[in-house]
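Bear in mind that the values in this text are calculations on the coordinates, not laboratory data. Being a predicted model, the structure only gives us computed values, none of them experimental. When we count neighbours, we look across all protein chains shown, and the Cβ atoms used for this are built from the backbone with ideal geometry, even at glycine.
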Amino acid sequence: MGKTLTCKILESHLLDGVIAPGNEITIKIDQTLTQDSTGTMVYLQLEAMDVDKIKTELSVAYIDHNTLQTGFENADDHEFIKSVARRHGVLFSKPGNGICHQLHLENYGIPGKTLLGSDSHTPTGGGLGMIAIGAGGLDVAVAMAKGTYSLTVPKVLKVELKGRLKPWVSAKDVILYVLKQLTVKGGVGRIIEYTGEGVNTLSVTDRATITNMGAELGATTSVFPSDENTRIYLASQGREKDFLPLSADSDAVYDEVLDVDLSSLTPLAAMPHSPDNVDTVQNIGPIKVDQVAIRSCTNSSYTDLMKVAEILRGKKVRPDVSLVISPGSSRILSKLAQNGALASMINSGARIIENACGPCIGMGQSPKSGAVSLRTFNRNFKGRSGTLDANVYLVSPETAAVSAIRGILTDGTSSGFSLPEIQSENFNVNDNFIIYPEDANKKNTAIEMGPNIKPFPRNTRLSDTLTGTVVLQAGNNITTDDIMPSDSRLLPYRSNIPYLADYCFEKIDPNFAARCKEAKEGVIVGGENYGQGSSREHAALAPLYLGIKFVLAKSFARIHRANLINSGILPIAFEDPADYDEFKLGQKLVIDNVREQLANPVIVIKNADTGKEYRAITNFSELETEMILAGGKINQIKQ
């Protein structure tokens, strides 16, 4: 029986366990990446582990999220990360260099390697044939310290691509179609592997767009084969030596299969307020557009922006539309400046902003009240733009550009505009934004710690009895944005959990933090897919600081579940989801003999107010159980 590409890469990195769905394995991690929004916490945790030397082949600290410096906080975080990078031999990418995933694709991604990143969109690297996984910051810190990562083996879902995309239909439409078919929880417990004749028609940056938004499926990661297109891309970046052909065996067996006919796709859009709320642009209709934003780690590649430049060339952005554009890297911006494409954008009336994450995480460019904003981003959760009542649609760069000219959501296939084919280009390698470590020496390197950087909260060893008051009953698809908001107000405080905790769940329930402080020991009751979205572990650390003991939900998103376990908070699932409706705020829940019960697949929770008992599924691996008993991953490592 042939092997999948996923299996081949995992096997080549396997350190412990047997590769079969549901088994726990430990693999070697070749590379890690962090960004500044999560990175400060990663490096605080790395320091807490008292590591002399990191064990990865390559680790890079990118500064791309908190680049709006309206106070000292962001700049202090950058200096802290830089000093830890210098101490441990980590490459440091300065602000202005670009977005971590685009930069890693250009500079460091290698087919067949493993990459663990403290950002949920790390699977972008799967476009190069890597097993690239997004994880919580503590998992990345441990990967740097030990060179390993443990995970439950996912199923492998094969997406068979057939045919070729028509003009005005792009890779963004492919992943939006897959999201429509599978939903935002359809990838949970799965790795998405793309195969078929249609793969050959997609460039590496096309593939990276698709693997990037695999995070919105809840998938562990997504991966494409490494082929001639991969070689061409690496050669264009001056890295042809890193090319390695990789693919699944022709007789590989997959757990599930989804067929996608590329030739049948039309321009699509994800409507408010979820990436899987997808319909055709034609069906949605010519709604008036107020803002268009073209950027993010999903769609800021050279090819994407060249298409935009050609659409805008000689035309004018509608007067009542704000168009903002940002390249994904300094290398791309330089090339656009050299070939005149940047001038075409500016002359059309577009605003050009810094190579950074920016509006995608609510860091600037929030639309006006009630606005319709078309964005080439990966998420359109309610309020993520920074404007709570804005209606955000996710579209391709082509759809975004033509809509900015027309002032209405427009299907490019019926626009009458021409769309020339963009040729690949070779890039001049410029690493002036990279600080390379010189003879990393832990003992002789001082750590820069600004006053906003506070110690991260640590849990204590799990007691025999867990009690907690229900402080929140949350609905389905609660995002980490809902739990710990991400915007220009709060991003500068990512290294200050005590400050952030006061804003925990503020968009869902402004009284949440106060209720937690009054209860002292709290429980959150949640719906389906609790904790979807970003990998930010702050969504676990802030509840930990507020005294949350366990979360009882219908189901959990992968990364957030892991972050809760890493923090020593129990994520347990209703055995009967209908029980959710029986819980109310203020009720006291008790789990007796919890340390003993964790050995069982199901534990019993008692509602002390009603006297009724409920059954909840644990489904913890042996390693996860050890972490929970110890009160979190740091405690488990230290003991």
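Put simply, when 47-58, 211-222 are sorted by average Cβ atoms within 10 angstrom per residue, most first, you get 211-222, 47-58.
With the highest mean first, a sort of the peptides 312-321, 398-407 on other beta-carbon atoms found within 10 angstrom per residue produces 398-407, 312-321. Note on the chain: with charges restricted to the Cβ of Lys and Arg (+1) and Asp and Glu (-1), its dipole about the Cα centre is near 1040 debye. Each other residue within a Cβ distance under 12 Å of N200 adds +1 if Lys or Arg and -1 if Asp or Glu, for a net charge of -1.
Provide the net charge surrounding G71, with neighbours chosen by a C-beta distance below 15 Å and charges set as Lys +1, Arg +1, Asp -1, Glu -1.
Value of the local net charge: -4.
A straight Cα-to-Cα reach below 22 Å connects K316 with the lysines K288, K307, K368, residues fewer than 8 places away in its own chain not being considered. Note on the range 487-527: Cα-Cα pairs beyond 13 Å make up 60% of the total pair count.
Contact order, relative form, for the range 466-638: 23 percent (alpha carbon pairs under 8 Å, 6 or more residues apart, mean separation divided by residue count). Annotation: lysines with alpha-carbon distance below 26 angstrom to K8 (same-chain offsets under eight excluded): K28, K55, K113, K146, K155, K158, K162, K185, K241.
Pairs of Lys residues in the range 466-638, spaced 8 or more positions apart or belonging to different chains, with C-alpha separations under 22 angstrom: 26 in total.
Rounded to the nearest 0.05, what FRET efficiency do N593 and L623 give with R0 = 25 Å and r taken as the Cβ-Cβ distance? Could you check?
After rounding to 0.05, the efficiency reads 0.70.
Summary value for the chain: 14 percent relative contact order, contacts being C-alpha pairs under 8 angstrom separated by 6+ residues. Near P498, once Lys and Arg are set to +1 and Asp and Glu to -1 for all other residues with Cβ below 12 Å from its Cβ, the sum equals +1.
Towards the positive end of the charge dipole of the chain, with charges on Cβ (+1 Lys, Arg; -1 Asp, Glu), say which of V260, S12, T480 has the farthest Cα. Highest projection toward the positive end goes to T480. Counting only aspartates and glutamates at least 8 places from K3 when in the same chain, those with an alpha carbon closer than 15 Å to its own are E11, E193, D249, D251, D255, E256.
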